[in-house]
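Single-structure report; data block below.
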Amino acid sequence: MPGASYQRLLARLESVRTLGVSLGLDRVREALTRLGLPQRMFASVQIAGTNGKGSTAAMAESILRAGGFRTGLFTSPHLCRFTERIRIDGREADGDRLAMLDAHVAATKIPLTYFEVATVLALLAMAEAGVEVAVLETGLGGRLDAVTAADPIGTAITSIGLDHTEVLGKTLREIAREKAGIARAGVPLFLGKLPPEADEEIVRVAAAVNAPIVRVGADLPLPTAKLGLLGTHQAGNAALAVALAQQAAVARRRPLAPEAGARGLESVRWPGRLEWVAADVLLDCAHNVDGARALAAALPARTPRALVTSIVRDKDASGMLAALAPAFSLIVATCSRSDRALTPEALAGIAASVASTNTAVETAAEPFAALARARTFVSSSATGGFVLAAGSIFLVGDLRARLLGEKIDPVGTGDPMP
């Protein structure tokens, strides 16, 4: 059972969640100033992107830790526990300790949003722990995201796609402009493979602030090391991670042994991303069209395949299922705990409209019942198929906790727009 202090922190986070998303840097900068500028007590790298930023962050941190650096890692959202977001030397933060630090955050009297509180807590925890390098994943966008209040010595943009268009813009160029807001004068901006219009806009923004650009492929070779994360799309993310780790090592004036890169990339773990949690169950947090396409391309060849899915209303469910449906013989539509989740019936209707006539579409009101049905379907074949659960971070978090016995926060708090 979580400590009383941590439960109070969760309750406070849930209360500020009602503030919703309010992008801007003034509040968080003022809070950090009143708290003694903890972000200046270590070097940090910042990662933005539509997809891949969490994987890149996990790999960069793993490389640095393999190289002997004391590391901090801040990512979002979480799967089961808020404390997953903040890690020191690979270890999940202690909830009661975060609650103690939050007393200082609350004492600033600045009305911070949920994500701003999380960001400030992460920076405070890392400063207190004496980390040498922090790897920080941007939450939403970049230009006005709370993480951008830190002072990175290296930045990266992994990918640009259409997601969170109601906040970031309706076009790739508009979204790229927001994410390019992490660029800093004289600080290298490492870029993954991007659509031409997005790349052009990022180049324009970077030039305006005098941030040098370094690209995967043209300037950064793909690593030859074995990757602990599955999927060919991870190669580009790994190249960015290596570059960020090397940049951080230079900033700390400490060498990063070449073998640290290989060790870090092979040993990295990133829960819920093409993760096998049973011999027949694969989980992935893909929750937009580009993520679904990358996931479809990375699926193992085993058949038959069944898909368990839940998707929230503000995502392009039709586009996501169009990318995934051709690979599956059965789709079971269910409903995650998110209050934004489509009903199983509505989602099944979308799935039926894009799936082939050879794909069966069913519904199950509860996610674990949906998983049980899908597992029964694939087990009826002698060829050893598998079940994929994807489409919602909420869905993956709940199934992963049930299958692996992971602890879940007693208050299921989360970002207003995960």
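The values are calculated or read from the model by the stated rules, or taken from the named source; none is laboratory data. These numbers were taken from a predicted model, which means no experiment stands behind them. Cβ sites come from the backbone with ideal geometry, for glycine too, and all protein chains shown count toward neighbours. Please note that ligands, DNA and RNA were not included when accessible areas were found on the heavy atoms of the full protein model with its side chains. Shrake-Rupley method; radii C 1.70, N 1.55, O 1.52, S 1.80 Å.
Summary table
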item: In the range 295-314, residue least open to solvent (accessible area, probe 1.4 Å) [restricted to those that are in a loop (DSSP other than H, G, I, E, B) and without any contact (Cβ under 8 Å) to a residue 60 or more places away in the chain]; result: Ala301
item: Condition met for Arg143 (touching a His at 6+ places or on another chain (Cβ under 6 Å) and either under 23 Å from Arg29 (Cβ atoms) or among the hydroxyl-bearing types (Ser, Thr, Tyr) (or both)); result: no
item: Residue that is least open to solvent (accessible area, probe 1.4 Å), among those in the range 264-289 that are among the β-branched types (Val, Ile, Thr) and part of a strand (DSSP E or B); result: Val281
item: Number of positions in the range 144-182 that are without any contact (Cβ under 8 Å) to a residue 40 or more places away in the chain and of a type in the set (D, E, K, R); result: 5
item: Residue in the range 42-59 that is over 29 Å from Ala183 (Cα atoms), assigned to a helix (DSSP H, G or I) and among the polar types (S, T, N, Q) present; result: no
item: Selection status of Ala185, surrounded by 24 or more Cβ atoms within 10 Å (Cβ to Cβ) and either of a type in the set (Gly, Ala, Ser) or in contact with a strand residue (DSSP E or B) (Cβ under 9 Å, 6 or more places away or on another chain) (or both); result: no
item: When residues of the range 350-393 are limited to those that are over 23 Å from Val312 (Cα atoms) and under 29 Å from the mean Cα position of the chain (by Cα), the one modelled with the lowest pLDDT; result: Gly385
item: Long-range neighbours under 6 Å by Cβ, at least six apart or interchain, first residue open to solvent by 60 Å² or more (accessible area, probe 1.4 Å) within the range 202-231, second in a strand (DSSP E or B); result: Arg215/Leu191
item: Only one of Leu79, Leu73, Leu64, Leu9 that is under 30 Å from Gly391 (Cβ atoms), in contact with a helix residue (DSSP H, G or I) (Cβ under 6 Å, 6 or more places away or on another chain), assigned to a helix (DSSP H, G or I) and not acidic (Asp, Glu); result: Leu9
item: Gly181 vs. criteria of a type in the set (Gly, Ala, Ser), in contact with an Asp or Glu (Cβ under 9 Å, 6 or more places away or on another chain) and assigned to a helix (DSSP H, G or I); result: yes
item: Any hit, the range 396-405, residues being among the aliphatic types (A, V, I, L, M), in contact with a Cys (Cβ under 6 Å, 6 or more places away or on another chain) and within 15 Å of Leu307 (Cβ to Cβ); result: yes
item: Selection status of Pro326, out of contact with any Ser or Thr (no Cβ under 8 Å at 6 or more places or on another chain), outside any strand (DSSP E or B) and open to solvent by 50 Å² or more (accessible area, probe 1.4 Å); result: no
item: Subset tally (residues that are in a helix (DSSP H, G or I) and open to solvent by 80 Å² or more (accessible area, probe 1.4 Å)) for the range 232-256; result: 2
item: Filter result for Ala58 (in contact (Cβ under 8 Å) with a residue 60 or more places away in the chain, open to solvent by less than 10 Å² (accessible area, probe 1.4 Å) and aliphatic (A, V, I, L, M)); result: yes
